[in-house]
Amino acid sequence: MTGLDAGPDERPAWVLWLVMAGVLCFAGSAILVRYASAAPGLAVAALRTSFAIGMLAPFGTRKTLRAWAGLGRKDIWLITLAGALLGVHFVTWISSIYYTSVASAAVLVSTGPIFMALFGFLFLKERLSRRTTIAIFVAVGGSIVLAMADSQSHPPIDGNPMLGNALALFAAIVWALYLLIGRVVRRRVDWLPYVFPLYLVAGITTVLFAVGSGTPLTGYPVYIYGLCAAMALLPQILGHGSFNYAVKFYPAAFLGLVSLLEPIGAAALGVLLFDEIPGGMAVVGMVMILIAVGSTLAKPDPTPTA
């Protein structure tokens, strides 16, 4: 247990229910994006994050200004960097669903814990256990199998599954970096003064992507804006927000294990709502990835690699 995690007696019972609600919100994220696919992915990302800023501004502005008055320059830069990474995560994750299936995008983005372990080894000099090393190779193998399976499928939007899978995988890498920064900063910063500026920077980042590419943010049907507002409230504020809050009470490994429910729920919703039934080869790739991620979240292997 790290200094960031509270003991069992210090954890409010409702925090676990908040986390489970967050997982449900995550599972519905890809579905909301698919329903909003009449608008470009960059527009959806920018509108979603903009709505989230508007929803939190009445509650977070004053508390953030008070809290930031006592923060050091290092923490401010770390929050800014985490927000920019989160913005890139939203852009690549949302865009991936335009090119590949809901199930594939959800499973590939769930490889974040693998990259967290790898980045810990590269940047924090944490030695990898034999189990984690094997899991990384299995996850990479599963991603290759999934990419090969999806290259033979016909997703319902733009139909470039290789690009979609690459975007989802990159979104997982960026998510891992953003969460690693958050684990450090949340030791010293309360939830709202951390999350509000984080979302503010993420929103600015997504809007810059949209404006830079010439993607309009106005002129869409009203239901598009309603779906983006739902994404802001559900997967972003309740989903990401619940995990950013709970990391103060639960180990990151436990939260990562719970997050594995997301691709299962997203895949099930994809079958029910869009008739996206994964083929046998795709299922093999998904299972390989989920086993790899799950194994890194189990009890660590005491024998590290050299």
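Please find, among L118, L71, the residue that is part of a loop (DSSP other than H, G, I, E, B) and either of a type in the set (A, V, I, L, M) or surrounded by 21 or more Cβ atoms within 10 Å (Cβ to Cβ) (or both).
Values: L118 fails: part of a loop (DSSP other than H, G, I, E, B).
Result: L71 is the single residue among L118, L71 that is part of a loop (DSSP other than H, G, I, E, B) and either of a type in the set (A, V, I, L, M) or surrounded by 21 or more Cβ atoms within 10 Å (Cβ to Cβ) (or both).
Of all residues in region 164-177, count the ones that are surrounded by fewer than 24 Cβ atoms within 10 Å (Cβ to Cβ) and closer than 16 Å to G120 by Cα.
4
What about S129, is it under 15 Å from S295 (Cβ atoms), in contact with a strand residue (DSSP E or B) (Cβ under 6 Å, 6 or more places away or on another chain) and either touching a residue at least 40 places away in the same chain (Cβ under 8 Å) or surrounded by fewer than 24 Cβ atoms within 10 Å (Cβ to Cβ) (or both)? Before the answer, list the steps.
Numbers: under 15 Å from S295 (Cβ atoms): yes; in contact with a strand residue (DSSP E or B) (Cβ under 6 Å, 6 or more places away or on another chain): yes; either touching a residue at least 40 places away in the same chain (Cβ under 8 Å) or surrounded by fewer than 24 Cβ atoms within 10 Å (Cβ to Cβ) (or both): yes.
In short, yes.
Filter region 33-64 down to residues that are in a helix (DSSP H, G or I) and more than 22 Å from L85 (Cα to Cα) and give me whichever is modelled with the lowest pLDDT. Full working, then the answer.
Kept after step one, since they are in a helix (DSSP H, G or I), are these residues of region 33-64: 33-35, 41-64.
Applying the additional criterion that residues be more than 22 Å from L85 (Cα to Cα) yields 34-35, 58-59, 62-63.
On the way: R34: 86, Y35: 90, P58: 94, F59: 91, R62: 91, K63: 89.
Out of the qualifying residues, it is R34.
Given the conditions (1) closer than 30 Å to P12 by Cβ; (2) more than 18 Å from the chain's Cα centre (by Cα), and given that P235 satisfies all but one, which numbered condition is not satisfied?
Answer for P235: the failing condition is (2).
Kindly evaluate P40 against the criterion of being over 18 Å from L238 (Cα atoms) and under 14 Å from the mean Cα position of the chain (by Cα).
Considered against the rule, which asks whether it is over 18 Å from L238 (Cα atoms) and under 14 Å from the mean Cα position of the chain (by Cα), P40 comes out as no.
From the list A166, A202, A171, which residue is within 18 Å of the chain's Cα centre (by Cα), over 21 Å from Q236 (Cβ atoms) and modelled with pLDDT of 90 or more? Give the derivation first.
Numbers: A202 fails: over 21 Å from Q236 (Cβ atoms); A171 fails: over 21 Å from Q236 (Cβ atoms).
After ruling out the rest, the residue left standing is A166.
Spot the failing condition for Y98; the list is (1) at pLDDT below 80; (2) assigned to a loop (DSSP other than H, G, I, E, B); (3) in contact with a Gly (Cβ under 7 Å, 6 or more places away or on another chain); (4) not hydrophobic (A, V, I, L, M, F, W, C), and only one is missed.
Just one mismatch for Y98, condition (1).
Condition (residue is at negative phi, of a type in the set (S, T, Y) and in a loop (DSSP other than H, G, I, E, B)) applied to region 102-112: is it met by at least one residue?
Restricting attention to region 102-112, the residues satisfying the condition of being at negative phi are 102-112.
Those left that are additionally of a type in the set (S, T, Y): 104, 110-111.
Those still in the list that are in a loop (DSSP other than H, G, I, E, B) too: 110-111.
Yes - at least one qualifying residue is present in region 102-112.
Residue by residue through region 92-106, note down the ones that are in contact with an Asp or Glu (Cβ under 9 Å, 6 or more places away or on another chain) and crowded, with 24+ Cβ neighbours inside 10 Å. Explain how you work it out, then say what you get.
Just the residues of region 92-106 that are in contact with an Asp or Glu (Cβ under 9 Å, 6 or more places away or on another chain), to begin with: 98-104, 106.
Correct list: T100, S101, V102, A103, S104, A106.
Take R131 and tell me if it is part of a helix (DSSP H, G or I), basic (K, R) and either modelled with pLDDT of 85 or more or under 20 Å from R34 (Cβ atoms) (or both). Full working, then the answer.
Numbers: part of a helix (DSSP H, G or I): yes; basic (K, R): yes; either modelled with pLDDT of 85 or more or under 20 Å from R34 (Cβ atoms) (or both): no.
It is false that R131 is part of a helix (DSSP H, G or I), basic (K, R) and either modelled with pLDDT of 85 or more or under 20 Å from R34 (Cβ atoms) (or both).
List every residue pair whose Cβ atoms sit under 7 Å apart, with the two residues 6 or more apart in sequence or on different chains, where the first one lies in region 204-229 and is on the phi < 0 side of the Ramachandran plot and the second, anywhere, is surrounded by 14 or more Cβ atoms within 10 Å (Cβ to Cβ) and not in a helix (DSSP H, G or I).
A210/L217; T215/P40; Y220/A39; I224/A36; I224/A39; L227/A36; C228/A36
Quick one: in region 278-306, which of the residues that are farther than 16 Å from V138 by Cα and modelled with pLDDT of 75 or more is surrounded by the most Cβ atoms within 10 Å (Cβ to Cβ)?
Residues of region 278-306 farther than 16 Å from V138 by Cα: 278-280, 299-306.
From what is left, the residues that are modelled with pLDDT of 75 or more are 279-280.
Details: G279: 12, G280: 7.
Result: G279.
Among the listed residues L146, L180, which satisfies the condition of being in a helix (DSSP H, G or I) and at pLDDT 75 or above?
On the way: L146 fails: at pLDDT 75 or above.
Just a single option satisfies the conditions, and that option is L180.
The values are calculated or read from the model by the stated rules, or taken from the named source; none is laboratory data. Since the model is a prediction, treat every value here as computed from it, not as a measurement. Please note: Cβ atoms are built from the backbone with ideal geometry, for glycine as well, and neighbour counts cover all protein chains shown.
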